[in-house]
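The next block holds one structure in the form of structure tokens; read it before the comments.
The values are calculated or read from the model by the stated rules, or taken from the named source; none is laboratory data. Here the structure is a predicted model, which is why all the values come from computation and not from measurement. We place every Cβ from the backbone using ideal geometry, glycine too, and count neighbours over all the protein chains shown.
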Amino acid sequence: MISVKNNRLFVGDVAASDLAKRFGTPAYVYDEETVRSKVRALFQGISYRPLKVYYAAKANTNLAILKIIREEGGQGIGIDAVSVGEIECALKAGFRPGQVIFTSTSVTDEEMKFAIAKKVLVNCDSLSQLERYGKLAPGSKVCFRVNPDVGAGHHGHVITGGPESKFGVWVDDVGRAFGIAAKYRLKIVGIHEHIGSGILETGKFLAAMKILLTIIDKHRDKFSDLEFVDFGGGIGVPYRPDQKQIDFKVFGSAVSTLFADFCRSFGKKLSLAIEPGRFIVAESGLLLCTVNTVKRTPAHKFVGVDTGFNHLIRPMAYGSYHPIIVAENCNGNAGEKKEKVAVCGNICESGDVFTRNEEGIADRELPPIKEGAVLAILVAGAYGFSMASTYNTRPRPPEILVSGRNAKIIRRKEDLAHVIYGM
Ligand SMILES: Cc1ncc(COP(=O)(O)O)c(C=O)c1O
């Protein structure tokens, strides 16, 4: 677990500052036990069986992390892959093709051919894709995604339901999918929705579940091959101090009851599928960095670190809040006065500030920080490294896995040869 002991930050049993010394900064660090505990929380919290948890690999595709998730999840675990690359990651991590679902958007025939060759189930995002899939693999099993005209999420960019969203077959067009399926003798074994990401109001998730179930019910005579209903991911985690963990006992039991009741009326025990990404990995990870510059303007005291939005883009892209902690002085020493600072990165854009919201810089109260201090940007295990880039021709950092008192490199730090083409 990630914890504070005697004012020092620990990942598992290892002090974060020791990790910084050993592996250097910047570095992504993950705690194995946190990943495992989140997988367990899902299977314990949702009692309905059969339950399929397709981990949304886009949140973090590191093979070591995928292997941990596979081991911990056992029979019920799988991968939601959005690209050929993610299918390959899943298979490399030891998932069987039958445990992978390919849910992409604006999909090419070549990408579908790849999935078909690998025997991975294709989840069609449009009537166009369904038609093209039918031509490529007539008589096979298929799933399709519905845009249920409701969405939710932590930011407009990640709301994936409703008329502004490019995803899925629009709710009013669902009837047309059956005609296409019949033309190519496709067996519709699954139906899918994903309304958005970072949902802490579970009522919205449950409301969307009800809408999808109503759609199935409306077309029930057409769903004779249905085996599973996939309600997507989006389960949120707290980032801000005022946000709370979802009560999984309450949420899990509501999900199970709703689905069990539906299956009774539908007359078939279907599998319940979900696709959490963030929920499984976000809280396991942090980005360690070192302060190299402290300076002022009339408006802010800037604390400059050796990483930037190239490595963690969420604050810049969404105005997202990430907790930031001084690794060797987490709560502040007695008698010390906290200071309002702006923690900024090393990328040549003014937006490269980790302490910000959608409007701009939002100073954070932290214990006094000197150059050389190690900081940890927390809750960075999801959409951290997987969204990292080499902007400003800066290599991407290493990824480190901590298991109890052991720490090892699970992705080497890049060097300039990774970044400079032809070098
Ligand atoms: C189809 C699909 N499923 C699952 C997810 C995972 O979302 P989250 O990480 O919020 O659980 C996403 C995220 O964008 C998605 O597009």
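Here are a few things to note about the model shown:
- Where strands (runs of 3 or more DSSP E) sit wholly within segment 315-422, those with at least 2 residues that are touching a Pro at 6+ places or on another chain (Cβ under 8 Å) and assigned by TED's automatic domain parsing to the domain that holds Gly24 occupy 406-411.
- Among the residues here, Gln44 does not qualify as modelled with pLDDT under 95, out of contact with any Ser or Thr (no Cβ under 8 Å at 6 or more places or on another chain) and more than 19 Å from His194 (Cα to Cα).
- Criterion: out of contact with any Ser or Thr (no Cβ under 7 Å at 6 or more places or on another chain) and surrounded by fewer than 21 Cβ atoms within 10 Å (Cβ to Cβ) - qualifying residue of Gly85, Gly73: Gly85
- Qualifying residue in segment 253-269 (condition: more than 12 Å from Leu213 (Cα to Cα), within 16 Å of the ligand (Cβ to nearest atom) and assigned to a loop (DSSP other than H, G, I, E, B)): no
- Residues that are touching a helix residue (DSSP H, G or I) at 6+ places or on another chain (Cβ under 9 Å), under 30 Å from Lys187 (Cα atoms) and aromatic (Phe, Trp, Tyr) within segment 226-255 comprise just one, Phe231.
- All conditions but one from (1) away from the ligand (no atom under 16 Å from the Cβ); (2) of a type in the set (A, V, I, L, M); (3) under 30 Å from Gly319 (Cβ atoms); (4) surrounded by 14 or more Cβ atoms within 10 Å (Cβ to Cβ) apply to Val250; the one that does not is (4).
- When Glu275 is tested against (1) in contact with a strand residue (DSSP E or B) (Cβ under 7 Å, 6 or more places away or on another chain); (2) under 30 Å from Phe23 (Cα atoms); (3) not hydrophobic (A, V, I, L, M, F, W, C), just one condition goes unmet, and that condition is (2).
- Extreme residue, surrounded by the fewest Cβ atoms within 10 Å (Cβ to Cβ), among residues of segment 397-423 that are of a type outside the set (A, V, I, L, M, F, W, C) and in contact with a helix residue (DSSP H, G or I) (Cβ under 7 Å, 6 or more places away or on another chain): Ser403
- Subset of segment 167-183 [part of a strand (DSSP E or B) and either of a type in the set (Ser, Thr, Tyr) or free of Cβ contacts under 8 Å to residues at least 40 places away in the same chain (or both)]: Trp170
- Looking across segment 272-298, the residues that are away from the ligand (no atom under 16 Å from the Cβ) and either crowded, with 17+ Cβ neighbours inside 10 Å or part of a strand (DSSP E or B) (or both) come down to Leu286, Leu287, Leu288, Cys289, Thr290, Val291, Asn292, Thr293, Val294, Lys295, Arg296.
- For Phe228: the one exception among (1) within 21 Å of the chain's Cα centre (by Cα); (2) within 16 Å of the ligand (Cβ to nearest atom); (3) modelled with pLDDT of 95 or more: (1)
- Screening segment 184-209 for residues that are more than 22 Å from the chain's Cα centre (by Cα) and basic (Lys, Arg) and picking the one that is farthest from the ligand (Cβ to nearest atom) gives Arg185.
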